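The structure under discussion appears below in the form of structure tokens.
The values are calculated or read from the model by the stated rules, or taken from the named source; none is laboratory data. Since the structure is predicted, the reported quantities are computational estimates derived from the model, not experimental observations. Here the Cβ positions follow ideal geometry from the backbone for every residue, glycine too, while neighbour counts run over all protein chains shown.
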Amino acid sequence: RDMATYAPLDIPASGALPFTDYTRWRLRLSPNGDHTWHYLRTDDEVAAWPQSTYDKYWLGQDVGLPDLPPPTNALEAARNGYRFFQKLQTERGHWAGEYGGPMFLIPGLVIGSYVCGIGFKTEERLEMIRYLFNHANKDGGWGIHIEGPSTVFGTALNYCAARILGLKADHPVAVKARGCLHKLGGAVGVPSWGKFWLSILNVYDWEGNHPIPSELWLLPDWVPIHPHRWWIHTRNVYIPMGYLYGVRFKMEENDVVLSLREELYTTNYYSIDWPAQRSNVAAVDLYTPHSTVLEGLYTLLGAYESCALPPLRRAAIRRCYELVVLEDENTDCQDLGPVNKMMNQIVRVHAEGRESAAAKAHFARRHDFMWMGAEGMMMCGTNGSQLWDIAFVGQALIETGLGAEEEFRESAVKALEWLDNCQIRENPKHYHTAYRHQTKGAWPFSTKTQGYTVSDCTGEGLKAVLYLQEHVKGAPKLISERRLCDAVDVLLSLQNTEGGFASYELIRAPLWMEWLNPAEVFGNIMTEFNYPECTTSVITALAIFRKHYPHYRVADIQRTMTRAVDYLHKAQRPEGGWFGSWGICFTYATQFALESLSLVGETYETSAASRRACDFLISKQRADGGWGESYKACESIEWVEHQDTQVVQTCWATMALMYAKYPHPEPIERAVKLVMSRQRPDGSWPQEAIEGVFNKNVAISYPNFKFEFTIWMLGRAHRYLEELRTRK
Ligand code: LAN
């Protein structure tokens with residue numbers, strides 16, 4: 001075991017350490033777009049591998065880029081923005097970036113490594129601790145995401161992570177965090193995913209967990225609630241959970257474990273009534289309370305658990321193990337996301353040992369998720385947002401006209417090359433056996449290695465390719481017509497009966513499955529749902545595709561688009577906007593929806609729906625010309641003002657108005673002024689509030705949005721306002 005690397009660290013009480021030497025960190029990029037951070041120990045290494053602009057930028061160091069000529073109009077501001085942003089493009093062609101926000105991922109990484117007996121470099125430990133210091137709330141605790149109030153989930157898990165990483169129990173940060181945790185009632189009331197991690201660490205009793213029955217995987221596939229029909233993230237987390245619960249995996253007792261048992265609770269650990277804690281979830285944590293149906297089911301499962309047939313349980317555990325292996329082999333141990341990745345790692349170590357090839361591959365792949373940022377080292381929501389970012393950059397370049405300028409040609413062609421490399425060319429190795437949707441022709445959210453089809457990533461990826469190939473002067477036609485058609489095939493395969501599109505797959509189960517949602521901290525996670533954002537990306541991609549290739553699957557495309565637009569109409573909310581599930585919130589989704597409607601000729605002047613949406617947005621414009629929505633809108637499904645105007649949301653709202661061909665220039669002019677006023681002399685924009693969301697209750701960062709949507713909006717607005725003026 002590699003436990004020496006967890007030796008306690010001496011961190012001064014003030015927390016003011018030079019944690020590591022920031023001039024020594026480097027981002028390494030693989031041809032597939034995977035990126036990992038490395039700390040150079042020797043001066044020779046430092047001399048041989050100079051720090052790049054993007055390294056410095058993401059580390060929060062001065063990048064030393066010059067002030068640009070002050071812009072006199074929106075297009076010049078967009079151009080300055082791209083002059084800066086271009087410097088962050090990697091040699092491989094894509095934009096790397098941090099993808100933090102959720103505060104339940106470092107604990108998975110740390111606990112999942114610790115129990116496997118695998119360590120970290122001291123610099124990594126120090127930087128993860130620094131990240132936790134920087135993201136502790138005033139009361140000393142942590143929330144479910146970086147902007148949320150302290151919860152038991154965030155505080156109990158990150159407390160354990162910090163202690164394992166080497167923070168001593170008497171350090172003031174630990175003392176304060178413990179105080180906060182105790183005020184919230186201690187770790188007994190941690191939500192179910194927290195109970196799971198703490199049980200793995202052996203600081204919570206497995207008896208305090210509701211059953212996680214692996215037997216569900218033995219049901220025949222046609223059963224309506226069979227787990228293969230659950231939302232892909234949920235089922236991929238419950239597979240290794242079922243295994244680890246089934247074998248009651250736990251860390252061996254050691255000093256840290258014994259000590260945590262004392263630190264996490266307000267009462268004596270050994271006298272806690274564990275079965276009574278199964279449904280005990282602190283009020284601050286609760287987003288989706290257990291339904292009566294679920295509680296009833298838990299009573300039955302609890303009874304079954306005491307008489308579970310050993311051969312059946314063994315078969316079920318074996319089945320979960322097989323599924324874990326299929327997932328690992330499909331993704332080279334990168335896995336769907338950071339949660340199932342760390343759980344799968346424990347399963348493989350438990351089944352095959354830490355010297356096995358699978359274990360080693362897993363240990364190495366942890367680094368894909370570990371991002372060194374200005375505030376320390378974090379665990380990201382995925383292994384990056386590579387494709388998602390580059391798809392928006394590509395479209396922004398063309399729609400602003402900047403892509404036609406000689407200065408940016410090379411950058412545009414490099415982006416195209418990256419998109420070419422990123423398209424998935426085959427179906428998964430284990431396709432039907434792993435219950436996967438087709439991937440041939442798709443674009444994933446991050447990289448080809450991760451390799452999961454996402455509807456809107458395929459849509460935005462296809463649009464970016466079409467734009468760059470068709471509109472950048474002299475751009476090579478890297479992606480053949482056949483491959484573009486493959487992408488269209490994927491899109492067409494993803495439409496649900498209601499006409500909408502979900503995230504990764506078709507909706508496979510009845511939506512009432514949500515009553516069985518066991519994860520109290522998330523909403524809408526049991527099945528796929530139709531999303532206006534995803535639906536739009538598909539419709540718009542199909543519309544642009546058929547302009548260039550008018551003969552491919554003409555009737556299918558037409559039918560798909562008509563039904564999708566129908567769905568969008570039905571999804572419009574009475575106030576006029578659309579609710580966003582992946583970005584904050586109404587400005588995000590309304591931008592997408594109005595883009596779709598405009599493509600089928602529905603605009604402010606021609607469509608009541610479009611007009612209603614514009615009026616809704618206009619009613620939310622602030623005195624300074626901008627828009628600002630809080631992440632709380634995603635929790636409450638109602639518009640919630642942010643205390644400050646946000647550049648990114650201002651851009652979404654303005655884009656929405658332009659898609660709808662909003663006829664009055666003033667609101668757009670005012671928005672442009674606001675966005676220009678926040679631009680720095682070097683062309684960049686400072687980071688503002690968090691931009692993204694998932695599962696209703698977790699916010700997630702898209703730091704490149706502040707470049708992509710500003711540049712895009714400003715460039716478009718310049719042309720748009722000119723058109724309005726000449727029309728008059
Ligand atoms: C993402 C990120 C991208 C996002 C969009 C493409 C924006 C969306 O339109 C479709 C859904 C998707 C792909 C998505 C799904 C859920 C993800 C993967 C995330 C929000 C990033 C992190 C999150 C994942 C579930 C985090 C791990 C947490 C668990 C609860 C398992």
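When residues of the range 671-705 are filtered for being within 22 Å of Asp624 (Cα to Cα) and either within 16 Å of the ligand (Cβ to nearest atom) or without any contact (Cβ under 8 Å) to a residue 40 or more places away in the chain (or both), how many remain? Qualifying residue count, the range 671-705: 8.
Pull up the range 214-232, narrow it to residues that are touching a Ser or Thr at 6+ places or on another chain (Cβ under 9 Å) and of a type outside the set (A, V, I, L, M, F, W, C), then point me to the one that is nearest to Ala509 (Cα to Cα).
Taking the range 214-232 as the starting set, the residues that turn out to be touching a Ser or Thr at 6+ places or on another chain (Cβ under 9 Å) are 227, 229-232.
With the extra rule that they be of a type outside the set (A, V, I, L, M, F, W, C), the set shrinks to 227, 229.
Values: Pro227: 9, Arg229: 5 Å.
Per the criteria, the residue is Arg229.
Residues that are charged (D, E, K, R) and assigned to a loop (DSSP other than H, G, I, E, B) occur in the range 219-239; there is at least one.
Is there a residue being in a helix (DSSP H, G or I) and hydroxyl-bearing (Ser, Thr, Tyr) anywhere in the range 197-206? Yes; the residues of the range 197-206 include at least one that is in a helix (DSSP H, G or I) and hydroxyl-bearing (Ser, Thr, Tyr).
A count restricted to the range 692-728 and to residues that are of a type in the set (Ser, Thr, Tyr), modelled with pLDDT of 95 or more and over 13 Å from the mean Cα position of the chain (by Cα) stands at 2.
Remark: pairs (first residue in the range 217-240, over 20 Å from Tyr452 (Cβ atoms) and surrounded by fewer than 18 Cβ atoms within 10 Å (Cβ to Cβ); second residue charged (D, E, K, R) and modelled with pLDDT of 95 or more; Cβ separation under 8 Å; 6+ apart in sequence or on different chains) = Leu218/Arg319. Considering every residue within the range 303-326, establish whether at least one is of a type in the set (S, T, N, Q) and out of contact with any Lys or Arg (no Cβ under 8 Å at 6 or more places or on another chain). Scanning the range 303-326 turns up at least one residue that is of a type in the set (S, T, N, Q) and out of contact with any Lys or Arg (no Cβ under 8 Å at 6 or more places or on another chain). Given the criteria modelled with pLDDT of 95 or more, surrounded by 22 or more Cβ atoms within 10 Å (Cβ to Cβ) and in contact with a strand residue (DSSP E or B) (Cβ under 6 Å, 6 or more places away or on another chain), does Pro107 qualify? The answer is no for Pro107. Comparison of Tyr452, Tyr435, Tyr431, Tyr467 shows that the only residue that is of a type in the set (Phe, Trp, Tyr) and closer than 26 Å to Gln558 by Cβ is Tyr467.
Here's the yes/no breakdown for (1) of a type in the set (Val, Ile, Thr); (2) under 18 Å from the mean Cα position of the chain (by Cα); (3) closer than 28 Å to Leu294 by Cβ; (4) not in a loop (DSSP other than H, G, I, E, B):
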| residue | (1), (2), (3), (4) |
| --- | --- |
| Lys463 | no, no, no, yes |
| Ala475 | no, no, no, no |
| Leu478 | no, no, no, no |
| Thr497 | yes, no, yes, no |
| Ser503 | no, yes, yes, no |
| Met513 | no, no, yes, yes |
| Arg546 | no, no, no, yes |
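Before we move on, is Ser356 under 16 Å from the mean Cα position of the chain (by Cα) and either surrounded by fewer than 21 Cβ atoms within 10 Å (Cβ to Cβ) or of a type in the set (Gly, Ala, Ser) (or both)? So Ser356 does not fit the description; no.
Of Ala316, Ala308, which residue is of a type in the set (Gly, Ala, Ser), away from the ligand (no atom under 16 Å from the Cβ) and in contact with a Ser or Thr (Cβ under 8 Å, 6 or more places away or on another chain)? Step through it out loud before you land on a result.
Values: Ala308 fails: in contact with a Ser or Thr (Cβ under 8 Å, 6 or more places away or on another chain).
After ruling out the rest, the residue left standing is Ala316.
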